[in-house]
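Working notes, beginning with the structure itself.
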């Protein structure tokens with residue numbers, strides 16, 4: 001018998017998009033500690049266009065999978081991993097698994113109808129991929145900001161994680177939590193429009 005649908009709310013999910021090698025991971029590396037410094041709990045998701053393994057043939061957890069388990073959790077004193085074989089998950093499903101986070105940053109997911117922060121780096125591409133996308137929140141770039149600010153977009157430098165965190169706080173996270181606490185934001189303000197699934201893609 002199937003369990004009833006999961007009714008858990010998902011935290012706000014912001015996608016970090018851009019061309020390969022534009023610096024998406026670097027932006028996340030700078031943004032996560034800035035948000036953490038302000039008291040927020042931050043989850044991250046990475047989209048990959050190929051399979052990956054976190055288990056090894058012959059290990060007990062691998063044998064659980066081979067026996068047909070639909071989900072396998074591996075738990076150690078300092079971390080855990082959940083393996084769900086043959087599942088093509090989308091951001092809603094992953095968001096439910098991170099329901100105790102305040103904000104989720106998802107690298108990739110270009111087709112998602114979620115708020116986007118696009119990274120544009122001169123050495124890779126000089127124009128945004130999502131310039132006309134109504135979900136584009138901001139650009140992070142090493143190009144002159146006046147190239148894009150005239151269109152009313154938020155534009156930040158590659159090193160300006162604090163200003164980008166200010167924007168995300170104002171849009172999705174206020175009020176700021178008290179020191180040592182994590183404040184859950186109100187109901188998800190950025191649920192996807194329409195019914196198109198968010199496919200796992202770079």
Suppose each label sits 7 Å from its Cα in the direction of the beta carbon; what would the residue 159-residue 56 distance come out to in nanometres?
4.1
Modelling each spin label as a point 7 Å along the Cα-to-Cβ direction, I'd like the residue 142/residue 37 distance in nm, to one decimal.
2.2
Relative packing of peptides 57-68, 136-147 - highest average C-beta neighbours within 10 Å first:
136-147, 57-68
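Read-outs throughout are calculated quantities, based only on the coordinates presented, and are distinct from any laboratory measurement. Just so we're clear, the structure is a prediction, and the values are computed from it rather than from any experiment. Methodologically, a virtual Cβ is constructed for each residue, glycine included, from the backbone with ideal geometry; neighbour enumeration extends over all protein chains shown.
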